[in-house]
1. Any chance you could give the angle, 0 to 90 degrees and rounded to 10, that helix 17-35 forms with the longest Cα principal axis of the chain?
2. Counting other C-beta atoms within 10 Å, which of 14, 22 has the fewest, and how do the rest follow?
3. Please give the length that would be gained between residue 10 and residue 76 if that part of the chain were fully extended, namely 0.36 nm times their separation in residues minus their C-alpha to C-alpha distance (nm, one decimal).
4. Under the rule a/c < 1.5 gives rounded, and otherwise a/b versus b/c splits prolate from oblate, where does the chain land using the Cα gyration tensor?
5. Report the label-to-label distance for residue 61 and residue 34 in nanometres (one decimal), using points 7 Å from each Cα along the Cα→Cβ vector.
6. Rounded to the nearest 500 deg cm²/dmol, what is the calculated helix-only ellipticity per residue at 222 nm for the chain, with -39500 (n - 2.57) per DSSP H run of length n ≥ 4?
7. Name the residue farthest towards the positive end of the dipole of the stretch 2-78 from the options 57, 16, 68, assuming +1 on Cβ of Lys and Arg, -1 on Cβ of Asp and Glu, about the Cα centre.
8. Which whole-number percent gives the relative contact order of the chain, counting Cα pairs below 8 Å spaced six or more residues apart?
Amino acid sequence: MLCRCVLQFRPISHPSRASSLHDLAQCLADQFRQRRTKADLNEAISLEQEALLLRISGDPDYDISRQSLMDYRKMMINTK
């Protein structure tokens with residue numbers, strides 16, 4: 001998965017790490033929708049949580065990550 005490779009080159013201090021985390025989380029959530037593998041959704045949730053910690057409240061990207069995290073959690077609840 002290309003998103004995972006990109007993340008390897010974006011250490012915690014990199015300004016685009018949060019975006020890379022978010023992109024990989026989206027890829028994994030899409031993969032979950034196709035394959036229904038809970039591990040994909042669990043990882044998407046973890047990555048989006050990490051992205052949210054790196055973003056600043058009030059930034060539009062913060063709201064996008066927050067909404068994505070809520071969506072992923074709803075997906076998890078609906079699969080139980």
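FYI, it's all coordinate maths here, none of it is from the lab. Keep in mind it's a predicted model, so treat the numbers as computed, not measured. Methodologically, a virtual Cβ is constructed for each residue, glycine included, from the backbone with ideal geometry; neighbour enumeration extends over all protein chains shown.
1. Once rounded, one gets 10 degrees.
2. Working: 14 13, 22 24.
The most exposed by this proxy come first: 14, 22.
3. Working: separation 66, 0.36 × 66 = 23.76 nm, distance 2.79 nm.
Net length gain for the segment: 21.0 nm.
4. Numbers: a/c = 2.59, a/b = 1.35, b/c = 1.92.
Taking the square roots of the gyration eigenvalues as a ≥ b ≥ c, the chain is oblate.
5. So the label points at residue 61 and residue 34 sit 2.6 nm apart.
6. Values: 4 runs with 62 residues, N = 80.
It lands at -25500 deg cm²/dmol.
7. 68
8. Working: 68 pairs, mean separation 20.1, N = 80.
The normalised contact order for the chain reaches 25 percent.
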